[in-house]
Amino acid sequence: MSLSLTPEMILVLGLVGFTMLMLVLEWVRADLVALLVVVVIGLTGLVPSDRVFNGFAGNAVIAIIAIMIMGAGLDRAGVLALTANFVMRMARGKESRLGVVINSVVSLFSAVIPSQALAALMIPVASRLSARTGVPLSRLLLPMACCILTATNTTLIANSPLILLNDLIASANNNLPPGAHTIPKFGLFSVTPVGLALALLGIFFFYFFGNRLVPEREDPRLKVTPGRTESYFADTYGIVGETAELTVTAESPLVGMSVGEVEQLHDAPMILAIKSGNEARMAPPGDHVIWVGTVLGVLGPREQLAQFANNQLCRISFRMRQLGDLFNPSRAGISEAVIPPNSRFIKRTLGELHLRKRYGISVLAVHRGDKVLRGDLHDVSLRAGDTLVLHSSWRDLARAAEDKDLVVVTDIPREEQRPNKLWQAVGFFVLAKCLALFTNLDLSVAMMTGAVGMLLTGVLNMDEAYQAINWKTIFVTACLIPLGWSMDATGTASWLAQEVLLHLGHAPHWVLQLALAVLTLLFSQVMSNVGATVMMVPIAISVATATGGNPAAYALIVAVSSSNTFLLSSGHPALMMVTGPGGYRARDFLRVGTPLTLAVLVVTLVAINLMYR
């Protein structure tokens, strides 16, 4: 029976189009867009009002929250530090072996840790390995990020589209036509054969073709180690100079001026620290007033510093006698941090953020694409993927990084690691996986058991658990789930499937699967993979039902293809996060991503059809 468009279908299609447009153009935050969509769905009755917010209590959302908490617990217990040492021992300093070992390790972790969190955890590890071995960081980061994405489909633990898949299947089962067989849900390791094939593809792809495709740039910025100040600034960002102390005398015109006013003076140096009386601090805020006897820790060329001190009647010392402890490399120094896609800093200027006052951090430069922004950065509006060059104490930097608004690339000393909790972290993580695998418990219950175990044994405290959760991901996922429900409940998915079959009705199954996979991966390049999955899975199930195909296979092809996002740096947060530290350009992603996308597409279709033949 032919389906006709109804007003409800038109409304759902309008919401789908609006969601896609907003997620692509980014005029409005993705989580706000998702909230708006779910409210409209409730107001229009597309989903009953008592169910419209059920996505927040859904199995998928609770499981994702628990997995984020456990991932943070494993990091806090020092699992990643042990990983770096293991990789070093296995690689023995050889570039070819180093790449294979790193890619194999991240492929293993990608099965159990969400991709964006894993990328954030592994970038400092790769930076440390690059500094120790001399292998350019650009040779390590892009393959590592790509292998995280190829291996993320190994289990239903760490991949949001796969976790969401069972909820979408449950919704589809409620709306199947009479006589149709119920679609079985996926188990924890149901997708493992496909995931292993893709994980091996990623590892071998870069082993055989990495040297030809991945750029090699000898850039000192790509070897980041803490504490290197003067030479690092000069070689990397053109910030030439050395540190010195300026003591403000009674005759100095600086008396009574604020730090911000001093920095606006002609040939003024960068003010990195200040001491007034017995109180000393890094990164003094712009409104901090300078008095007689104030000691300024400054950075600039020696001649410029001497001239500035002479003009402003200050005593200068190039030996750090009073601020030496603050500038000790074991306590403070230069670092780099990347702005992740979910950062609250995006679209805000550095002046609005008040990083000096809030965190004690000085921003010395911003690296964006091929440009390095220096000088007066007050009005620079931040974008996702920007790399900030910072000067601060390690403690202040670690405190700032806890809010997840910036990801520290530099392998800085970590004071809050809890290696004594290693076995508790690993034990409860393994317990959670065993409960999910060998019992009938929902994935959410099994994963939350492990998370609560880590909290009870002190691997994490509750505040750290809250900070570990990427609330933007949670809101986007929970609010878009009802959009998938409405596509099923109103018959919109069936109507779209009908339109697809009008053009491809006589094509073999592999052609239909290929069309769905290509559409999904193209959507995922420009919008979230969760959004692409929510929109495409109901259509895929309807197409499979109408043509006699296996709905589970079609749904899995869509979910796996949503992670096939290698063509653009913006295609996935893990790729965006390595762009700045690796110094990559758009053509680097196209050069690596085009053959890898085609290879992943072929292996996905072949592996899933072999599994469901």
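The values are calculated or read from the model by the stated rules, or taken from the named source; none is laboratory data. Remember, it's a predicted structure, so these values are computed and weren't measured experimentally. Neighbour counts run over all protein chains shown; Cβ positions are idealised from the backbone, glycine included.
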Qualifying positions in the range 179-215 - part of a loop (DSSP other than H, G, I, E, B) and β-branched (Val, Ile, Thr)
THR182, ILE183, VAL191, VAL214
Select from the range 338-367 the residues that are touching a Gly at 6+ places or on another chain (Cβ under 9 Å) and buried (at least 17 other Cβ atoms within 10 Å of the Cβ) and write down the one among them that is modelled with the lowest pLDDT.
PRO341
On the basis of being of a type in the set (A, V, I, L, M) and over 19 Å from the mean Cα position of the chain (by Cα), does ALA540 make the cut?
yes
Selection status of LEU388, under 30 Å from ARG29 (Cα atoms), free of Cβ contacts under 8 Å to residues at least 60 places away in the same chain and surrounded by 19 or more Cβ atoms within 10 Å (Cβ to Cβ):
yes
May I ask you to list pairs of residues, at least six apart or on different chains, whose Cβ atoms are under 8 Å apart, with the first in the range 181-194 being of a type in the set (S, T, N, Q) and the second being surrounded by 16 or more Cβ atoms within 10 Å (Cβ to Cβ) and outside any helix (DSSP H, G or I)?
THR182/LEU176; SER190/LEU156; THR192/THR154; THR192/THR155
Take ALA517 and decide whether it is of a type in the set (Gly, Ala, Ser) and over 21 Å from SER171 (Cβ atoms).
yes
Run down ALA446, ALA425, ALA436 and say which single residue is at pLDDT 85 or above, buried (at least 21 other Cβ atoms within 10 Å of the Cβ), closer than 30 Å to LYS185 by Cα and over 24 Å from the mean Cα position of the chain (by Cα).
ALA446
Would you mind stating whether LEU305 is crowded, with 18+ Cβ neighbours inside 10 Å, among the hydrophobic types (A, V, I, L, M, F, W, C) and either modelled with pLDDT under 90 or closer than 30 Å to PRO253 by Cα (or both)?
yes
Tally, over the range 224-267, of residues that are hydrophobic (A, V, I, L, M, F, W, C) and modelled with pLDDT under 80:
5
For the range 116-139, name all the residues that are closer than 18 Å to SER569 by Cβ and polar (S, T, N, Q).
GLN116, SER138
For the range 513-524, indicate whether the set of residues that are surrounded by fewer than 22 Cβ atoms within 10 Å (Cβ to Cβ) and of a type outside the set (A, V, I, L, M) is non-empty.
no
Quick one: which of ASP488, ASP396 is of a type in the set (Asp, Glu), outside any loop (DSSP other than H, G, I, E, B) and out of contact with any strand residue (DSSP E or B) (no Cβ under 7 Å at 6 or more places or on another chain)?
ASP488
Would you tally the residues in the range 57-75 being at pLDDT 85 or above and among the hydrophobic types (A, V, I, L, M, F, W, C)?
5
